[in-house]
Amino acid sequence: MLSIFGRGKRLCDGITRREALRIGALSVGGLSLPQLLRAEQQAGVRGSKKAVIMIYMVGAPPHQDMYDLKLDAPSEIRGPFMPIDTSVPGIQISEHMPRMARIMDKCVPLRSVYGSPNGSHDSFICYSGHTTQNQPPGGWPSIGSVVSKIQGPYNKSVPPFIGLAPDAGHPPYGSPGLPGFLGVGNAAFRPSGPAQADMVLNGITEDRLENRKSLLQNLDSFRSDVDASGEFAGLDAINRQALDILTSSKLADALDLSKEDASIRERYGKGNPKRYGDGAPRNLEHFLLARRLVEAGARVVTLNFGRWDFHSNNFSEAKNTHLPFFDRGLATLIEDLHERGMADDVAVVAWGEFGRTPKINANAGRDHWPQVGGGLVAGGGFRTGQVIGATDRLGATVADRPVHFGEVHATLHRFLGIDSETKLHDLAGRPQYLAEDYKAMPELL
């Protein structure tokens, strides 16, 4: 009997995928090979084009000045911003987010996000949904790396996980979401600047590329025999991805904004492509790139926006340097996804790693507040036009329906067709759940 060998992935009935792929006896455990592949496809493991765009609001934004204004609080807490009505009766948000107010029927503000253990600027909290600082060997993998590992690319010429995060002065601020214990082969592909010119074949034929590919495969066979760490396996995955990208212009085309309709580009605007302090740019073209990349076949796109760590001048910083750009970029993205019929297949999440202090400090700023923060969800076929969670009169503690980062990730896993109870093994060989014990949010489904 001929077998296709590979590392076994144990299925729900105890059979490994390697055993299920044996050729000859086409039925194992009551499932034929075609039935097995069909079940995987129905579960979203193969052909699904569902995608996630995650906006990391670098440094943690002031939740009580955006989605959860507290007019009844004392002046040293409520601040000067006023709420405005939105397209959903009863839901009000900041006056400095008028575009988002107009499309609130397509959104879900989260007013009770919690989970930050100590108020450190840990971007892995947003990207992975895990909130414990005691990470397993290798670290927690981001959602993009999880999707890369479990589902792989939708289109071989487009990486499954793309990060639009430039390097930042503070490393967590520039993270696109790390691969953690899943290794470099599942890291984010990070296109930037001159690298875009290297994504197409220049002066080399596909035949010559195939010869080089064959040589690499022979070297890979040797390296896999002597590699005990798994590092070469990750590099091999990167090489394969690079070769797939080079034989297609799909990724390069998606990154080429000159191919976008001029009116759409004008609608998104440019923002500011320069890094803000030690944080990220306020680059509105990244919102457009995210839409183009998921349209081309990327499964997860992350982008880092601004630097919201307003320990001083919170209100002038929010009003003049961040909210106008953010309001325009996010609202345009959500509208664009709806107009293109993509909203049910693309989930959008925008949030930071914690909230800000209710009390305004002596420098007119708000400090770190891990007790509660906020965020926003859109798309994904979710039940939008509602608010989930509430804080007390001061915006200091959760008053109703606490929402953990892990719950949002469990919801994204379900949307993508991934079982959150899937276990992946860390570098010590220990099994780790994707979303710990958190379940998908029934309010959104």
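Does at least one position in region 375-389 carry a residue that is exposed (fewer than 15 other Cβ atoms within 10 Å of the Cβ) and either under 21 Å from the mean Cα position of the chain (by Cα) or among the charged types (D, E, K, R) (or both)? Yes.
Of the residues making up region 340-361, those that are over 22 Å from T397 (Cα atoms) and assigned to a loop (DSSP other than H, G, I, E, B) are R340, G341, M342, A343, D344, D345. Residues in region 135-152 include none that are of a type in the set (V, I, T), within 17 Å of L251 (Cα to Cα) and either buried (at least 24 other Cβ atoms within 10 Å of the Cβ) or out of contact with any Ser or Thr (no Cβ under 7 Å at 6 or more places or on another chain) (or both). Taken as a whole, the structure places F287 among residues that are crowded, with 18+ Cβ neighbours inside 10 Å and either outside the structural domain of I93 (by TED's automatic domain parsing) or not in a loop (DSSP other than H, G, I, E, B) (or both). Picking from residues in region 328-374 that are among the acidic types (D, E) and touching a residue at least 40 places away in the same chain (Cβ under 8 Å), the one that is nearest to F310 (Cα to Cα) is D367. Between T357, T332, T384, the distinction of being closer than 20 Å to V88 by Cβ, assigned by TED's automatic domain parsing to the domain that holds A298, β-branched (V, I, T) and in contact with a strand residue (DSSP E or B) (Cβ under 6 Å, 6 or more places away or on another chain) belongs to T384 only. Would you please name the residue that is surrounded by the fewest Cβ atoms within 10 Å (Cβ to Cβ), looking only at residues in region 396-432 that are part of a strand (DSSP E or B) and touching a residue at least 12 places away in the same chain (Cβ under 8 Å)? Looking at residues that are part of a strand (DSSP E or B) and touching a residue at least 12 places away in the same chain (Cβ under 8 Å), I get D400. Counting the residues of region 93-114 that are assigned to a strand (DSSP E or B) and of a type in the set (G, A, S) gives 2. Determine whether E285 is at pLDDT 95 or above and not hydroxyl-bearing (S, T, Y). Spelling it out, E285 is indeed at pLDDT 95 or above and not hydroxyl-bearing (S, T, Y). Of all residues being in a loop (DSSP other than H, G, I, E, B) and small (G, A, S) in region 66-88, which is surrounded by the fewest Cβ atoms within 10 Å (Cβ to Cβ)? Just the residue, please. So, considering only residues that are in a loop (DSSP other than H, G, I, E, B) and small (G, A, S), the one surrounded by the fewest Cβ atoms within 10 Å (Cβ to Cβ) is S87. Taken over region 338-378, the criterion of being acidic (D, E) and within 25 Å of P172 (Cα to Cα) is satisfied by E353, D367. Note on region 159-177: residues that are surrounded by fewer than 24 Cβ atoms within 10 Å (Cβ to Cβ) and over 15 Å from R307 (Cα atoms) amount to 0.
The values are calculated or read from the model by the stated rules, or taken from the named source; none is laboratory data. Every value quoted in this text rests on a predicted model; they were computed, and no experiment measured them. So basically every Cβ, Gly included, is an ideal-geometry build from the backbone, and we count neighbours across all protein chains shown.
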